[in-house]
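Notes follow the structure.
Computed from the coordinates by the stated procedures, all read-outs in this text should not be read as laboratory data. All figures in this text were calculated on a predicted structure; none of them were measured in a lab. Heads up, the Cβs are rebuilt from the backbone with ideal geometry, glycines too, and the neighbour counts pull from every protein chain shown.
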Number of protein chains: 2
Amino acid sequence: MANLDRLFNALSDPTRRAILQDLRRGPATAGALGAAHPMALPSFMKHLGVLERAGLIETEKQGRTRSCRLAPGALVPVSAWLADQRLLWEERTERLAAFVENHEERR
Amino acid sequence: MANLDRLFNALSDPTRRAILQDLRRGPATAGALGAAHPMALPSFMKHLGVLERAGLIETEKQGRTRSCRLAPGALVPVSAWLADQRLLWEERTERLAAFVENHEERR
């Protein structure tokens, strides 16, 4: 539960979603990633921290730079939650459709 | 973009996810929904407001009660974003696998 909180919260910011998109091209240093975003480095590092604590990225200090990469499988809990929701919402829609059909037949 | 922000933010709270789960059973009044959650009514109404502004639920005032129901299709943008991410992360994994295979062959 707490992990879903952190994941959804991490994904609720456009800068953080853009960082994930940037990292699709491969690992990058925090500096290189930050250059693409018009904000102060401390603010940018906070976004990286939120992504890392949510388990969406992995970072590694290499000398004076910090290398970042996507964490494989990190979106699985989000995907599972969503699949569960969709399944059950569809079930409800189907039940509603069946009810309407029955009702129409009876008229 | 702004809509994804609101959707992910709305989903980042366990009470709000529980409300969506409760509403799978069908429409319910705010009072009936709130009875299941140990918090003051104003706090609970704020959660309903966040869900409604994100487009996840629809509410309707009926006399002195407010009826709530799931908004059909509300999770489509989240689902689309996630599908896009998974596709591209899988592509990267495949490219990495191909690279490793090539590298192994050359050794």
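With an 8 Å cut-off on Cα pairs and a minimum separation of 6 or more residues, tell me the relative contact order of chain A in percent.
Numbers: 79 pairs, mean separation 29.2, N = 107.
Rounded, it is 27 percent for chain A.
What are the principal axis extents of the Cα atoms in the protein assembly as shown, in Å, biggest first?
75, 41, 27
Suppose every K and R has +1 on its Cβ and every D and E has -1 on its Cβ; what is the size of the dipole of the protein assembly as shown about the Cα centre, in Debye to the nearest 20?
Values: 32 positive and 26 negative charges, 148 e Å.
Computed charge dipole of the protein assembly as shown: roughly 720 debye.
Under 29 Å Cα to Cα from A:K46, which lysines show up? Leave out anything in the same chain fewer than 8 places away.
Once the sequence-local lysines are set aside, what remains near A:K46 is A:K61, B:K46.
With a sphere of radius 10 Å drawn around the Cβ of A:P27, what net charge do the other residues whose Cβ falls strictly inside it have (Lys, Arg +1; Asp, Glu -1)?
Numbers: positive: A:R25, A:R69; negative: A:E58, A:E60.
Residues near A:P27 contribute 0 overall.
Which trypsin sites (Lys or Arg not before Pro) in region B:1-62 sit in a loop by DSSP (not H, G, I, E or B) and have at most 10 other Cβ atoms within 10 Å of their own Cβ? List each step's numbers first, then the result.
Values: sites: B:R6, B:R16, B:R17, B:R24, B:R25, B:K46, B:R53, B:K61; in loops: B:R24, B:R25.
Qualifying residues, ordered by number: B:R25.
Quick one: helix B:76-106 against the long Cα principal axis of chain B, what's the angle to the nearest 10°, folded into 0 to 90?
In chain B, helix B:76-106 runs at an angle near 20 degrees to the longest axis.
Can you tell which of B:P72, B:P38, A:T59 lies farthest toward the positive end of the dipole of the protein assembly as shown, using +1 and -1 charges on the Cβ of basic and acidic side chains (Lys, Arg; Asp, Glu)?
B:P38
From the phi angles alone, apply the Karplus equation (6.51, -1.76, 1.60; θ = phi - 60°) to region A:36-46 and give each ³J(HN,Hα) in whole Hz, x where the residue is Gly or Pro.
Along region A:36-46, the couplings run 7, 10, x, 8, 5, 4, x, 4, 5, 4, 4 Hz.
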